[in-house]
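Everything on this sheet refers to the single structure shown next.
Each reported figure results from applying straightforward, stated rules to the coordinates on display, with no laboratory input. Predicted, not measured: the structure shown is a model, and the values here were computed from it. In this analysis, Cβ positions are derived from the backbone assuming ideal geometry, glycine residues included, and neighbour counts consider all displayed protein chains.
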Amino acid sequence: MSKKLGITSKKSENFSDWYTQIIQKAELAEYTDVSGCIVFRPLAYEIWEKISSLVDKKFKNLGIKNSYFPLFIPEKLLSKEKKHVQGFVPEVAWVTHAGSTKLQERLAIRPTSETIMYETYSKWIKSWRDLPLKLNQWNNVVRWEFKHPVPFLRTREFLWNEGHTVFATEKEANEERDDIIDIYKNVVESNMALYGLIGEKSEKEKFAGAEYTVSIEYLLPNGKAIQGPDFHHDGQNFAKAFNISFLDKNEKKQYTYQNTFAITTRMIGVMIAVHSDDKGLILPPNIAPNELIIIPIFTKENKEKILKKAKEIKKKLNKYNSVLDEREDYSVGWKFNESELKGYPIRIEFGPKDLTKKQVVVVRRDTNEKKNVKITSLDKSIAKTLEDIQNNLFEKAKDLVEKNMVEVKDLQNLKKQIKNKKIVLAPYCNDPKCEEIIKYKTGGAKTLNRPLKQTVKGNCVNCNKKAKYLFYFGKSY
C-alpha cells in the first residue's frame with residue numbers, strides 16, 4: 001500500500017483533485033484504459049448493492065417485477081420513435097462487426113432500453129386484462145456524448161435501474177409518479193443523507209420522447225448541480241410508435257400510457273462529494289457496509305489480553321458489521337488515518353488503560369468527537385451515536401442546499417448569483433429558445449427543474465414576457 005495515504009488536496013481549494021484522490025485512495029474506483037469506464041471496487045459496489053436492494057424491495061411492494069432485456073438494440077428499433085432517437089443518437093456506441101465480418105445492420109449498445117423492450121411489449125399486450133404491466137431492469141448502459149468523464153458523476157458506462165410500466169389510462173400512469181419519486185427520495189434521504197430539489201424539468205431538459213420529466217436535483221460543494229433519480233411520463237408516444245395497444249372492455253382498440261424511471265450509480269459520487277472532508281471519505285451509517293471499526297492498541301506483552309477483549313467487543317457489536325483491525329505490520333496512527341480515509345462512521349479505540357477502566361474510546365467520523373464509553377453500555381451508545389451521525393449528515397447536506405439557493409427577478413441578479421455558484425430560483429417563460437439565451441448570457445447555467453407546487457408572479461428574467469413558472473437555474477454536470 002502506498003505510503004501517501006492521506007488526501008493532499010483541499011476540498012475547498014481544488015475540488016476536482018480532492019475528489020479524484022478520494023475515490024482512488026478510499027478504494028472506491030479505479031480508472032481503466034477505456035475513457036469514462038471505471039472499475040467499481042468492492043466498497044463502491046457494496047454501497048450500490050445496498051441502494052439497489054432498498055429500492056428493489058420498495059418496487060416489489062408496488063408490484064413491479066424484475067426482468068432482463070438484451071444489451072444490443074437493432075438500429076431499426078432505435079429509430080422508431082423520432083424524438084427519442086434524436087435525443088440519444090449522439091450518445092450511442094455502435095457494434096458494426098462480428099470478428100472481421102461486417103454486420104448487415106448496426107447494433108446499438110444499450111443507452112436505455114425503451115426501444116428493445118417496447119417491441120416485445122407490443123407482442124404481450126393485447127387486452128385490458130394484460131394491464132398494468134410493471135417491469136424493471138437492473139443493468140448497465142453506455143452513453144458516449146461528453147468529453148470530460150468524472151468517476152461516478154459522469155461516466156460513459158454506468159449502472160442503474162430502469163423501470164418501464166404500462167397502463168390502460170393516463171390517470172393510472174400519472175398516479176404512479178408520486179409513488180416512484182417518494183421511493184427514490186426516501187432511499188436517498190434516509191440512507192445516503194442527501195437533500196434534493198424535486199421538480200419538473202423544462203421542455204428542453206426533459207427526457208427524449210417524454211411528455212414530462214420529474215427529477216431530484218442535488219448541489220455539490222463546488223457549486224455545480226447534478227441530476228439524481230428521475231421519473232418520465234411518456235404518454236402514448238412510444239405506444240403509438242411501437243403499436244402497444246389493447247382492446248378495452250368495450251372491444252375498442254386503445255393505445256397504452258407509459259412511464260419510465262431510474263436511479264443510477266451517479267448517486268455514489270454525489271454522496272462522496274457532499275459528505276466527505278479533507279481526511280477522506282465520510283459514509284452515512286445507513287449506507288456504510290461496515291458501521292464501525294475496532295482498533296486495538298497493544299504491545300507484545302499485552303497483545304493476548306487486549307485482543308481477547310477486543311474480539312468480545314466485536315462479537316457484542318456484530319450487528320453493526322463491525323471490523324476488527326488486528327494487523328501488526330501497521331502502526332496505530334496509520335490505522336487511525338486509514339479508518340478516516342475509508343469513511344467508517346465510528347472508530348473504537350481500545351488499549352491497556354481502557355481494559356483497566358472497562359471502557360473504550362468512541363470516535364465519530366463526521367465530527368471527530370471522542371468520548372469514553374463503558375463496555376457495559378456500549379451497544380446502546382453506539383446505536384445512539386450512529387443515529388446522530390446519520391441525522392447530522394442529512395442536516396448538513398440540507399444546509400448546503402438552502403444556504404446556496406437564492407431567488408431573483410431579473411437577469412442581472414441571475415448572472416451575479418450564478419457567478420457566485422448559487423442555485424437560483426427565477427421566473428421563466430418556459431420557451432426553449434429563451435433558455436438557450438439564458439445559458440449563453442450566464443456562461444453555462446441551465447434550468448434544473450421547477451417546484452411542483454408554486455405560485456408564480458412577474459415576468460421572465462430574460463424576455464420579460466409573462467412567466468409561466470419559477471425555475472431553478474444552475475451550472476451542472
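Observations on the structure shown:
- Beta bridge orientation in the chain: antiparallel %, DSSP, nearest 5: 80 percent
- Distance in nm between pseudo-label sites at Lys396 and Lys308 (7 Å out along the Cβ direction from Cα): 4.0 nm
- For Lys76, a cut-off of 16 angstrom between C-alpha atoms picks up these aspartates and glutamates, skipping any fewer than 8 places away in its own chain: Glu105, Glu114, Glu119.
- Set Lys433/Lys468; Lys305/Lys353; Lys279/Lys421; Lys11/Lys396 screened for pairs whose C-alpha atoms are more than 19 Å apart: Lys279/Lys421
- Ranked list, fewest to most other Cβ atoms within 10 Å of each Cβ, for Ser190, Ser113, Ser339: Ser190, Ser113, Ser339
- Of the trypsin sites (Lys or Arg not before Pro) found in the range 332-370, the ones in coil according to DSSP and having at most 12 other Cβ atoms within 10 Å of their Cβ are Lys358.
- Exceeding the 26 Å Cα-Cα cut-off - candidates Lys342/Lys380; Lys57/Lys240; Lys398/Lys465; Lys57/Lys371; Lys335/Lys358: Lys57/Lys240; Lys398/Lys465; Lys57/Lys371
- Sorted by Cβ density within 10 Å, fewest first, the residues Lys206, Lys126, Lys11: Lys126, Lys11, Lys206
- Violating pairs (Cα-Cα greater than 27 angstrom) within the set Lys201/Lys224; Lys80/Lys134; Lys50/Lys370; Lys308/Lys370; Lys60/Lys422; Lys50/Lys171: Lys50/Lys370; Lys60/Lys422; Lys50/Lys171
- Sites count as exposed loop sites when they are GluC sites (Glu not before Pro), lie in a DSSP loop, and have at most 16 other Cβ atoms within 10 angstrom; the longest stretch of the chain without one is 28-144.
- Among the trypsin sites (Lys or Arg not before Pro) within the range 140-198, those in coil by DSSP and having at most 14 neighbouring Cβ atoms inside 10 Å are Lys147.
- For the chain, the longest principal axis of the alpha carbon atoms and the long axis of helix 303-316 meet at an angle near 40°.
- Taking 0.36 nm per residue of separation and subtracting the current Cα-Cα distance, fully stretching the chain between Thr455 and Asn321 would add 43.5 nm.
- Computed extension gain for Lys126 through Lys409, at 0.36 nm per residue and net of the alpha carbon distance, reaches 96.7 nm.
- Nearest 10 degrees, 0 to 90: helix 432-441 Cα axis against the chain principal axis: 50 degrees
- Between the range 303-376 and the range 136-207, the alpha-carbon centres lie 39 Å apart.
- Per-residue Cβ neighbour rank within 10 angstrom, fewest leading, Thr120, Thr112: Thr120, Thr112
- Degrees between helix 114-124 axis and first principal axis of the chain (Cα, 0 to 90, nearest 10): 70 degrees
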